[in-house]
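Each remark here refers to the structure printed beneath this line.
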Amino acid sequence: MRRNLLWSSMLLPSLALPQVWSPLPDFPGTARDDAAAFVIGNDIYVGTGRQVDFGLTADWYRYNTITGSWSEVAALPADGRQYCSSFTWDGKGYLVGGHVNGMPSAEVWTYDPVLDAWEQQGPLPEAMHASTAFVLDDGPHVVTGYLSNDLPSTYHVRSDMASGSWSTLANMPGAPRHRASSFAYGGAGYVLGGADVTSYEFDEVWRFDPMEGTWVARAPLPSGRFRGDAIEAADGGVLIGGASVQFVPTGVHDDVWHYHAASDTWEVLPPFPPGARSNAVIATVNGRIYYGTGSNAVERYRDWWRLDLPVSVHEQDVDLPAPYPNPTSGTLRLEGSLLPSDRKVILMDGNGRAIREWPVSHTSVDLDGVSPGVYVLRIEGGTIRRHPLMIIP
């Protein structure tokens, strides 16, 4: 009888592919929180925010993810600001709203990387700060935040990028809030957490469907959170850090939570290595997550990190048959005939690196030369069930 000896995580819990944090060159500007960021091509642009002396900044910098280096770009030709929303559209970066000279702003600015220049656009229909933005096929959406009355909201606007006009859409359900987080995944927008006028945190998650124009509640966060940073992932999204008034001594957390959209569940991952962080910036390029700056409520930072997050085992549209024998000393058999013919089987080590690959048509594979240890099999080109594999001497 065939036995899949290593499938149970109760037997070998270390088989799960780890998240990997890598320190990168520090952000070259002053340490700050409440900054903004957007991605154009392989470059991440970071700027504005509040620095150590509580002054507001207007400078901007570009991080090249290919060379791993920073360079200064044109500063915003306007007053310094914080709590802006930001996004990318048609090869340009957008900086929206924010807190300027003690007041919420309706300003909209675009950055052109070819010209290295900023241009002011038509304003928002309402001044907003501490809002959150996500981009869908129908355009960028800006949701919640403080309005010109200095009160949190469930406000929801969308930009018609062709005309440059903004439309007011159905408000997000729930109580008014500020400093929520958001990401786009699967053609929908997700808004996470936030806090009310007393800064009491929410654990709610709301999903906006642009086709239906409706909001639907999804699985709540593991705990209430605001001032965190969220970004899409290959199978859903990730939320890092944030704050809650119930948490002592500083109210700031080091949590990393992974949302699996297919199962509508949250997975708690190991914490952010440097410790508690909120009001940072986050971006993703080619499936890698970049995160840095921010504050722990005591000091501000200018560090910069990359998170390599394996695709979730929860996403399953193809069932990879169990390999055998397992453990193996050199030869592996797999019922590849049950899999789509255009797929490849990949052998990955514990750090997520590809060691070997072969077409699914190969039902017998020679693993000579592969060091003894724990590995994982997956399918290229699909979200599938992974199988742990042990190679022994």
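The values are calculated or read from the model by the stated rules, or taken from the named source; none is laboratory data. As the structure is a prediction and not an experimental result, all values here were calculated from the model. Heads up, the Cβs are rebuilt from the backbone with ideal geometry, glycines too, and the neighbour counts pull from every protein chain shown.
One line per residue, one yes/no per condition, for (1) in the same structural domain as residue 260 (by TED's automatic domain parsing); (2) at pLDDT 70 or above; (3) assigned to a strand (DSSP E or B):
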| site | (1), (2), (3) |
| --- | --- |
| 337 | no, no, no |
| 340 | no, no, no |
| 347 | no, yes, yes |
| 350 | no, no, no |
| 355 | no, yes, yes |
| 365 | no, yes, yes |
| 369 | no, yes, no |
| 377 | no, yes, yes |
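Somewhere in the range 187-196, is a residue of a type outside the set (D, E, K, R) and modelled with pLDDT under 95? Steps first, please.
From the range 187-196, those of a type outside the set (D, E, K, R) are 187-195; that's our starting set.
Remaining after also requiring modelled with pLDDT under 95: 187.
Scanning the range 187-196 turns up at least one residue that is of a type outside the set (D, E, K, R) and modelled with pLDDT under 95.
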Scanning for something over 25 Å from residue 306 (Cα atoms), touching a residue at least 60 places away in the same chain (Cβ under 8 Å) and of a type outside the set (Phe, Trp, Tyr), does the range 209-230 turn up at least one residue? yes
Log entry, pairs with first residue in the range 180-199 being within 17 Å of residue 38 (Cα to Cα) and in contact (Cβ under 8 Å) with a residue 60 or more places away in the chain, second being surrounded by 16 or more Cβ atoms within 10 Å (Cβ to Cβ) and hydroxyl-bearing (Ser, Thr, Tyr), beta carbons closer than 7 Å, six or more apart or on different chains, reads 181/132
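Residues that are surrounded by fewer than 24 Cβ atoms within 10 Å (Cβ to Cβ) and touching a Lys or Arg at 6+ places or on another chain (Cβ under 8 Å): which strands (runs of 3 or more DSSP E) entirely in the range 202-252 hold 1 or more of them? Write out each step before concluding.
Values: elements: 205-209, 214-218, 229-233, 236-240.
Fully inside the range 202-252 and qualifying: 205-209, 214-218.
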Is it the case that the range 58-77 has a residue that's touching a Leu at 6+ places or on another chain (Cβ under 7 Å), in contact (Cβ under 8 Å) with a residue 24 or more places away in the chain and surrounded by fewer than 18 Cβ atoms within 10 Å (Cβ to Cβ)?
yes
The correct count of residues that are in contact (Cβ under 8 Å) with a residue 24 or more places away in the chain, under 17 Å from residue 161 (Cβ atoms) and in a loop (DSSP other than H, G, I, E, B) in the range 121-150 is 5
Across the range 29-45, the tally of residues that are touching a Phe, Trp or Tyr at 6+ places or on another chain (Cβ under 9 Å) and over 17 Å from residue 115 (Cα atoms) stands at 8
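Residues checked against (1) modelled with pLDDT under 95; (2) in a strand (DSSP E or B); (3) on the phi > 0 side of the Ramachandran plot; (4) surrounded by fewer than 20 Cβ atoms within 10 Å (Cβ to Cβ):
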| site | (1), (2), (3), (4) |
| --- | --- |
| 259 | no, yes, no, no |
| 275 | no, no, yes, yes |
| 290 | no, yes, no, no |
| 297 | yes, no, yes, yes |
Being aromatic (Phe, Trp, Tyr) and in contact with a strand residue (DSSP E or B) (Cβ under 8 Å, 6 or more places away or on another chain) narrows 54, 27 down to just 27
